[in-house]
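The values are calculated or read from the model by the stated rules, or taken from the named source; none is laboratory data. These figures come from a predicted structure and were not determined experimentally. Positions of Cβ are backbone-derived with ideal geometry, glycine not excepted, and every protein chain shown enters the neighbour counts. What goes into the accessible areas is simple: the full protein's heavy atoms, side chains included, and nothing from ligands, DNA or RNA. Shrake-Rupley method; radii C 1.70, N 1.55, O 1.52, S 1.80 Å.
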Amino acid sequence: MKNKLLIVMILLSVFFICSVKVVAEAQDNTSIEMPENVPLSETSEKAKQIYMQLMHAVYLTYNNDLRTVKVNLSKARQLYDALVELTPDSAFILYKRGHLLREMQDINGAEDDTRRALELNPSHIPATWQLAQILKDRATHSGDAKDFRELFTTLKKVIELDPDHLNAHYMLADLAYRLDEYATAEISYKALTRILPFEAFFHRRLGNIYNNMGRLQEAADAYQRVVKIKSDDLEVLNRLGRLYLNLKQPQAAIDIYQQLVKIKPDDLEALRALGHLYFTTDKLTDAQQSYQQLLGLVPNDIRGNLGLGLVYQELAQQTIEKIDDTTSSDVTGLSTLIQNAETHLERAIMLSKEVINKSENAAQRNNYQELVTDAQFALANVYIIFEKLEKAQQTFAQLLMDDPDHVEAMYGIASVYQTLGEFDMAETYLRKTLTLHPTHKYALNALGYLFAEQGTNLDEAESLINRALKQSPENGAFLDSLGWVYFKQGRFDESVDTLESANQYMPDNVEILMHLGDAYIKNGAPEKARRVWQQAQSIAPDNTEILERLKQ
């Protein structure tokens, strides 16, 4: 009630000031010493009555306890009409009558009075703002581009007159945002963040604008300001996490998703993202925990099963690389990792195929087919680690039925055939790989080495391996292949030089040491051959090929 009375008093004061001129001009010349004895003229008396009645009408208008608003507004309209007749050149009175007419839903009348007020005083801020409100109502209902253009011009005029006009900035920013006029919206939202720096909504809108305009780093910075103001804004945290992913700032994304999970431990998107981020940054234990937490909430989550399967696959691969003297505990742990990888990858494939078979949405089917392909490729590699080569071959073949141009699957099945000793099939798939990807350095080397092992197509083998070496001139495996081609060609000096280079880059590789010893023998250096074979035996004491060589 105090606020209402304050508003009334302010309005009455303004009305009084505006009426003083009328009253003063109507008064007769009087003695300064005794103003209370000065008689009022007819005009002054009329202004006095209007002013007093206006005070009463304003009070009733703002007194919500009375149910005579319509009557009061009508009464106020009569009083304003009379006052306009007395002061037709008052921009303020015209503006106030326009305001009243707008309250009475007389939009045309309100607009006429507001425009007349602005003709009298073009810099009248309240009237300019009132015209903007009227134009907004009209433009919203009409949808006419002309109305919107005038509205935008009027709002900019308000801001020009009052750079800190909160409502004008907000209306302009909101309208421009909804109409995708982001440059205009950006200016006003920036002004709003200056006027009210701790209002999170304005920073959020700026973030949305920058995101829509492709200015991702600025969007991230704006969303960070939101999070500083409101640390539990889940929507913004999710947007910020995705932005950091797109910006390839994994640690920043991890920090955001960790914050999100602390607030909402069952946020599935955040758990998936954390699992993926930990996996891609080689934090496999953390990735495993995130995916396990996700699957604890939703056991059949496809991406969760795929992600956890990939984690177990990578852990198994790392375990193999670290094992020197294999112990029973190493073997048991490795076996468990491989079996877990197989379980989760097979589940991801099964669940994805269920979605594909049921979905009528082509985009969704394609999306899940990509997941199937990823899971199949990983599963085939798990079978290779587990030395289930026939299963690996079958899985690669199934993948290639769904995706005939999958280069890495093509190369993978070729490698399986080569390991199985099916050299014709290996050659077929290696050539297919090179048809799809002519510069695939591993396929170039593999096909060249295949020919070297068989002692066929040696000139082509040399060319293939040299193409691989152009891409990786210090690759020990590629140099070994080339040295072995020279050996098969009878170019023993070149073979020794090339294999010695390979040994420098990969000093503990048993196959390179065996090849180098063979080249030394052909080059007339049996003692050197024995030394490198002994070195190979110290690395792989049970290798029968080395033992046979040492018996020579």
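In this simple spin-label model, placing a label point 7 Å from the Cα along the Cα-to-Cβ direction at both residue 387 and residue 235 gives a separation of 5.7 nm.
Ligands, DNA and RNA are left out, and with a 1.4 angstrom probe the accessible area of the range 250-328 is 49 Å² per residue. Here the calculated FRET efficiency for residue 82 and residue 212, from their Cβ-Cβ distance with R0 = 51 Å, stands at 0.45, rounded to the nearest 0.05.
The HN-Hα couplings worked out from phi for the range 293-307 by the Karplus form 6.51 cos²θ - 1.76 cosθ + 1.60 (θ = phi - 60°) are 5, 4, 6, x, 7, 9, x, 9, 5, 5, 5, x, 5, 4, x Hz, whole numbers, x standing for Gly and Pro. Among the listed pairs 75/96; 488/522; 528/551; 230/262; 283/388; 228/262, a Cα-Cα separation exceeding 18 Å is found for 283/388. Structural descriptor for the chain: relative contact order 4 percent, calculated from alpha carbon pairs under 8 angstrom and at least 6 residues apart. Its DSSP H runs of at least 4 residues, each contributing -39,500 (n - 2.57), put the calculated 222 nm mean residue ellipticity of the chain at -26500 deg cm²/dmol, to the nearest 500.
Each of residue 362 and residue 89 was given a label point 7 Å from its Cα along the Cα-to-Cβ line. The distance between the two points is 7.3 nm. About the centre of its Cα atoms, the range 153-215 shows a dipole size close to 160 debye [charges on the beta carbon of Lys, Arg (+1) and Asp, Glu (-1) only; nearest 20 debye].
Note: relative contact order over the range 237-320, using C-alpha pairs below 8 Å and six or more positions apart, is 20 percent.
The radius of gyration of the Cα set in the chain, together with its Dmax, comes out at 41.7, 142 angstrom.
Simple rule: put +1 on each Lys or Arg Cβ and -1 on each Asp or Glu Cβ in the chain, find the dipole, and look at 175, 211, 288; the Cα lying farthest toward the positive end is 175. Efficiency by 1/(1 + (r/R0)^6): what FRET value for residue 543 and residue 353, r their Cβ-Cβ distance, R0 = 35 Å, to the nearest 0.05? After rounding to 0.05, the efficiency reads 0.25. Were the residues from residue 121 through residue 322 laid out at 0.36 nm apart, the gain over their Cα-Cα distance would be 63.9 nm. Full extension of the segment from residue 336 to residue 527, taken as 0.36 nm per residue of separation minus the current Cα-Cα distance, would add 64.3 nm. Carbon-plus-sulfur accessible fraction, the range 152-212 (probe radius 1.4 Å, protein heavy atoms only): 53%. Taking 7 Å steps out from each Cα toward its Cβ at residue 551 and residue 453 produces label points 2.3 nm apart.
Of the solvent-accessible surface of the range 333-412, computed with a 1.4 Å probe and all protein chains present, 46% belongs to carbon and sulfur.
Note that the range 417-552 presents 51 Å² accessible area per residue, ligands and nucleic acids not counted, probe 1.4 Å.
In order along the range 106-122, the phi-based Karplus estimate (6.51 cos²θ - 1.76 cosθ + 1.60, θ = phi - 60°) of 3J(HN,Hα) comes to 8, 5, 4, x, 4, 5, 4, 5, 5, 5, 5, 4, 6, 5, 6, 9, x Hz; Gly and Pro are listed as x.
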